[in-house]
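One structure below.
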């Protein structure tokens, strides 16, 4: 079998190196013969690639057994993916705990351009089943989640958003008052006629500009007093848990 490492260019060399690294990771400890069998690469190529991986700190050889293994440095190659998956998992845990306690369905939304994007929800877990949104993106200024998100920002950041999204000073002034009211109340609300009569959403900001948690409910079932005294404190607790998840901490 011909050693093509020097003749097929850097792309082929990289592919062979990755194949060997994957095989070494799967085998945990391996001999040169075992890696040749596992990768179907020439022995000379395997030895050359092992030397390269050792030089870069991704592989090590046991001087007694002469076997090879990957080093902890290999884990750094997937650090960002692992971190993202862990964060998403922690956020889902927080939403599932919310479903158990709140009963009403809820969503976690993040700012995405000039809109709020549904990133996760607990609809499968929530005992109360309501009609789903037909879309996942909502204009920031035309959604409770967007207003709640803006309410968590500094006055300077809010001003930048208003100037970006609105043209007339009268619109800016009225929207600013709406955001300030949400900041004072700790949440924003909006009716949802597109989903059905008496349907409403209440959204609380995730601290640190992390987005918003929205709870959907029937306003003829949930009184304002019950919303303020019972439900919203639970949603705010979840918002804190999501903020913790974004920092790699487990929900409380």
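The values are calculated or read from the model by the stated rules, or taken from the named source; none is laboratory data. These numbers come from a predicted model, not from an experiment. In this analysis, Cβ positions are derived from the backbone assuming ideal geometry, glycine residues included, and neighbour counts consider all displayed protein chains.
Here are a few things to note about the model shown:
- For residue 230, the stated conditions hold: it is assigned by TED's automatic domain parsing to the domain that holds residue 120, more than 25 Å from residue 136 (Cα to Cα) and surrounded by 11 or more Cβ atoms within 10 Å (Cβ to Cβ).
- Looking only at segment 116-143, and only at residues there that are touching a helix residue (DSSP H, G or I) at 6+ places or on another chain (Cβ under 6 Å) and assigned to a strand (DSSP E or B), the one that is nearest to residue 104 (Cα to Cα): 120
- The single condition from (1) under 17 Å from residue 72 (Cα atoms); (2) modelled with pLDDT under 90; (3) crowded, with 16+ Cβ neighbours inside 10 Å that residue 13 fails is (1).
- Condition met for residue 146 (on the phi > 0 side of the Ramachandran plot and either modelled with pLDDT under 90 or in a helix (DSSP H, G or I) (or both)): no
A quick yes/no check of all residues on (1) in a loop (DSSP other than H, G, I, E, B); (2) at pLDDT 75 or above; (3) within 18 Å of the chain's Cα centre (by Cα):
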position	(1), (2), (3)
64	yes, yes, no
76	no, no, no
81	no, no, yes
85	no, no, yes
90	no, yes, yes
94	no, yes, yes
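This table checks each residue for (1) touching a residue at least 24 places away in the same chain (Cβ under 8 Å); (2) within 27 Å of residue 132 (Cα to Cα).
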| residue | (1), (2) |
| --- | --- |
| 146 | yes, yes |
| 158 | no, no |
| 161 | no, no |
| 175 | yes, no |
| 184 | no, no |
| 189 | yes, yes |
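- Test result for residue 213, assigned by TED's automatic domain parsing to the domain that holds residue 227 and more than 14 Å from residue 236 (Cα to Cα): no
- Just one of the listed residues (183, 126, 94, 145) is surrounded by 15 or more Cβ atoms within 10 Å (Cβ to Cβ), closer than 26 Å to residue 245 by Cα, in the same structural domain as residue 219 (by TED's automatic domain parsing) and touching a strand residue (DSSP E or B) at 6+ places or on another chain (Cβ under 6 Å), and it is 145.
- Residues in segment 203-233 that are under 28 Å from residue 155 (Cβ atoms) and assigned to a loop (DSSP other than H, G, I, E, B): 206, 207, 208, 209, 210, 211.
- Residue list for segment 24-42, restricted to those being assigned to a helix (DSSP H, G or I) and under 12 Å from residue 59 (Cα atoms): 24, 25
- In segment 169-202, the residues that are within 17 Å of residue 213 (Cα to Cα) and part of a loop (DSSP other than H, G, I, E, B): 186, 187, 192
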